[in-house]
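See structure below.
Bear in mind these aren't lab numbers, they're just calculated from the coordinates by the rules spelled out. What you see is a predicted model; the values in this text were computed from it and never measured. All Cβ positions, glycine included, derive from the backbone under ideal geometry; neighbour counts span all protein chains shown.
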Amino acid sequence: MIKAGVIGATGYAGAELTRLLSRHEETEITAVGSKTHEGKKLSEIYPAMRGICDAVCISNSDVIELSDVVFACLPHGLSQDIAKACDDAGKLFIDLGADFRLTDEKAYETWYEGEFKYPELHERAVYGLPEIFRDEIREAKLIANPGCYPTAVALGIYPLLKRGLVEPDAIVIDAKSGVTGAGRVPSQTTHFPECNEAFTPYKITEHRHTPEIEQTLSHAAGKRLKITFVPHLLPINRGILATIYLRAKLGINEQALREAYESFYFGEKFVRILNPGETASLRNVRMSNYCDISLHFDRRTGALVVVSVIDNMVKGAAGQAVQNMNIALGLPEGTGLTMIPSLF
């Protein structure tokens, strides 16, 4: 059995990860870490885990020592030293935070007000979006798990940019997230009376996922892109819904657009391209590792609207981290991720 350790196990992403790893056929959770709740059982913090994962939260160094693969579910700025310790110990490290997602240090300085403490680690870090970077993930020892918005957006339109079917300079992304995307520590905007029965855009033009989205889309287009990205807070627990507006290049029809998706994602277990006339909905991916994508072509204007939905806690965080672990360790990619979406 693979010994798995989770640092930051009491946050939402960390707790979701322990839930998924607890049902993984090839792993056992040997250690969980939490600075806030050190000395307490995970099941004391999340009673639903009673009898499933009663591990006591210990220090980060002990988690690393007891594990073959270490997951860090921490705010940005806290993972680089852990990555270095894992690298020194020869452990596979998967970071669910933002410290290794960006390849450009200046962008990291601008958006996260930090620096690359270990440049050689950043050079070896692999961006863990399996459907696009699977070959690189297979050889990786340090994997940067993508953000939730960037996952939904990249999967939603990567095939179009890769094939050059749309104008790359006029992309508008209107995205919505459940409240868990803001993390477990409450704030004024995530306080129940503030977000319930409300629907609010936030961090307009300044959300930290913007450079990550642009980095992946630029990789697809083969040139540097800038996008318009507006996130919104939905009064629900889970989910990311990205409505993406693009313009097809002259002469490109609906059939060519659909064929691009069907060929690019052929054989992919966790990306589902919906049939013409269907619309992607959060309810059909909830509690699962699936990304559902629907395509809507306006023949009158040539506009293309793509709707991409994921569960932000699974495909947007913990599930994708498990998927990355499976690939890096040579396991069947869907191991531990075969849960069916909640039906209602």
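The table below lists the values:
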item: In sequence order, calculated HN-Hα J values of the stretch 328-335 (Karplus, 6.51, -1.76, 1.60; Hz; x Gly/Pro); result: 5, 9, x, 8, x, 4, x, 4
item: Karplus-derived 3J(HN,Hα), 6.51/-1.76/1.60, for each residue of the stretch 283-293, Hz, glycine and proline x; result: 4, 8, 10, 4, 6, 10, 9, 7, 10, 9, 10
item: Computed FRET value (nearest 0.05) for K117 with R50, which takes r as the C-beta separation and R₀ as 41 Å; result: 0.60
item: Qualifying GluC sites (Glu not before Pro) for the stretch 129-176 [loop in DSSP, other Cβ within 10 Å: at most 12]; result: E139
item: Distant-in-sequence amide H partners of V271 (H built 1.01 Å from N, under 5 Å); result: C291
item: Förster-model FRET efficiency, 45 Å R0, K41 and K269, C-beta, rounded to 0.05; result: 0.85
item: Gap separating the Cα centres of the stretch 268-344 and the stretch 167-206, nearest whole Å; result: 20
item: Residues with amide H under 5 Å from that of G33, placed H, sequence gap 5 or more; result: V6, I7, G8, A9, I58
item: Choice from C53, C195, C86 showing the highest fluctuation, given a GNM over the chain with Cα pairs closer than 10 Å; result: C195
item: Packing-based order for 261-268, 213-220, 153-160, using average beta carbon neighbours within 10 Å, highest first; result: 153-160, 213-220, 261-268
